[in-house]
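Here's the structure we're looking at; comments come further down.
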Ligand SMILES: Nc1nc2c(c(=O)[nH]1)N[C@H]1C(S)=C(S)[C@@H](COP(=O)(O)O)O[C@H]1N2
Ligand SMILES: [Mo]
């Protein structure tokens, strides 16, 4: 874990090469604080450090680098654009030792470095049970059948070309693995938000409502009350989805993600999108849909993705991801380099609809203030919140608490454990606490 904690966060960054080490220290709390100061013309106290630095002669302002007097690089040098080399540390990362083989593992999204609500496709988390595949779309097929001929009159096989000619929808949704935050059930386990909450991403997906396909195949909704989705990879991932979720038009088979075709790691060329439901039901490399009259109790739902309750019984088919939020910056592993103003920022989401409110506490849940929600708020999508904070250099405990349109309030660890115990893996939506030490270091702690 020691190594994980050393990964640089957004607030403490590698020194930029056009500043001396002393100037990097002066800029102190990193670019966020720096930018904030340069924008705050009104606050004389805030502007002072910048003025002082200019008087000393800031080489970043006084010395024009050669590149600003010459031709820059040509178009299409990178035919597919890449992030700046100065952002090379913002990466999906594995948690070493989490699984025996990297084909059945997770790479976590670096939430600490992201803005807004869309996860760049290259940073979308990955969870594979048997590794990923890059499937040739020309030979990929989606078969739709019924477990009984009475459930669906005309079983069909669709090519990708068939699917991409049909009426499409584009919608922004979060996807969260049911195991997200799962290591934290008993106690604090991992140091950064990338590892506590990074099995979470949010993208705009494009595809065809499953309802449209089932109706094209002559489904009988009175008889067919469940859908089984099956993946083409070696894991034969199979999950049951209740038909109500399909009938209301929300479930769709997606080929697009953030304006382009899905990435192979995320199910290219076809995956299921089941808004609000845990990631495992979003079957990747989707090759078959079967309709039936009862839940299928497949391996991926009878023995995996179940919750061990305090009475010793297992709960099956928990699928909706309850309302949850987390402060992404400042967060564990980052460091505040000076007292003063910070824009505290995070994300909130609910599998039951829209986020209506997020409160933030700086004292471990004693006092709460309402955060600013950055709209437009979307159904079953990440929602960005921000709140102003002036750090006085004393110890602080940062928390966020989200409320969704059903009125559900994100629980504390005490409240969640009272109902769920502490032996689960899945579906942990408790309030996260980041402790800020006097020296500015930030760590993961739990407050009941
Ligand atoms: N075919 C198939 N679909 C799959 C999986 C898989 O291993 N194989 N993993 C599931 C799990 S557990 C999750 S959390 C999500 C992860 O989606 P992502 O890799 O696009 O983030 O895909 C789901 N769909
Ligand atoms: Mo998952």
Confirm whether residue 239 is within 15 Å of ligand 1 (Cβ to nearest atom), at pLDDT 95 or above and surrounded by fewer than 20 Cβ atoms within 10 Å (Cβ to Cβ). no
Residue selected from the range 231-250 under the condition away from ligand 2 (no atom under 16 Å from the Cβ) and touching a strand residue (DSSP E or B) at 6+ places or on another chain (Cβ under 9 Å), by the criterion nearest to residue 268 (Cα to Cα): 232
Scanning the range 104-121 residue by residue, those part of a helix (DSSP H, G or I) and touching a helix residue (DSSP H, G or I) at 6+ places or on another chain (Cβ under 9 Å) turn out to be 111, 112, 113, 121
Enumeration of residues in the range 247-259 that are more than 9 Å from ligand 1 (Cβ to nearest atom) and either over 18 Å from residue 166 (Cα atoms) or in contact with a helix residue (DSSP H, G or I) (Cβ under 7 Å, 6 or more places away or on another chain) (or both): 247, 248, 249, 251, 252, 253, 255, 258
Being in contact with a helix residue (DSSP H, G or I) (Cβ under 6 Å, 6 or more places away or on another chain), away from ligand 2 (no atom under 16 Å from the Cβ) and part of a loop (DSSP other than H, G, I, E, B): is that true of residue 150 here? no
Among the strands (runs of 3 or more DSSP E) confined wholly to the range 341-448, which include 3 or more residues that are in contact (Cβ under 8 Å) with a residue 24 or more places away in the chain? 355-361, 383-391, 396-404, 433-436, 442-445
Of the numbered conditions (1) within 24 Å of the chain's Cα centre (by Cα); (2) part of a loop (DSSP other than H, G, I, E, B); (3) surrounded by fewer than 24 Cβ atoms within 10 Å (Cβ to Cβ); (4) at pLDDT 95 or above, residue 317 satisfies every one except a single condition; which is it? (4)
Taking the stated definitions as given, is residue 338 in a helix (DSSP H, G or I), at pLDDT below 95 and either away from ligand 2 (no atom under 16 Å from the Cβ) or under 26 Å from the mean Cα position of the chain (by Cα) (or both)? no
Residue count for the range 302-317, restricted to those that are touching a residue at least 24 places away in the same chain (Cβ under 8 Å) and away from ligand 2 (no atom under 16 Å from the Cβ): 3
Of all residues being within 16 Å of ligand 2 (Cβ to nearest atom) and in a helix (DSSP H, G or I) in the range 251-301, which is surrounded by the fewest Cβ atoms within 10 Å (Cβ to Cβ)? Just the residue, please. 299
Filter the range 387-420 down to the residues that are touching a strand residue (DSSP E or B) at 6+ places or on another chain (Cβ under 7 Å) and surrounded by fewer than 16 Cβ atoms within 10 Å (Cβ to Cβ), then identify the one that is farthest from residue 434 (Cα to Cα). 405
All but one of (1) farther than 18 Å from residue 110 by Cα; (2) within 16 Å of ligand 1 (Cβ to nearest atom); (3) surrounded by fewer than 24 Cβ atoms within 10 Å (Cβ to Cβ) hold for residue 207; state the number of the condition that does not hold. (3)
Looking at 244, 215, 230 in this structure, which one is surrounded by fewer than 24 Cβ atoms within 10 Å (Cβ to Cβ), within 29 Å of residue 109 (Cα to Cα) and either touching a residue at least 60 places away in the same chain (Cβ under 8 Å) or out of contact with any helix residue (DSSP H, G or I) (no Cβ under 9 Å at 6 or more places or on another chain) (or both)? 230
In the range 174-189, anything in contact with a strand residue (DSSP E or B) (Cβ under 7 Å, 6 or more places away or on another chain) and more than 15 Å from ligand 2 (Cβ to nearest atom) is listed as 188
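The values are calculated or read from the model by the stated rules, or taken from the named source; none is laboratory data. Treat the numbers as computed from the prediction; the structure is a model and nothing was measured. All Cβ positions, even for glycine, are placed from backbone atoms using ideal geometry, and neighbour counts span all protein chains on display.
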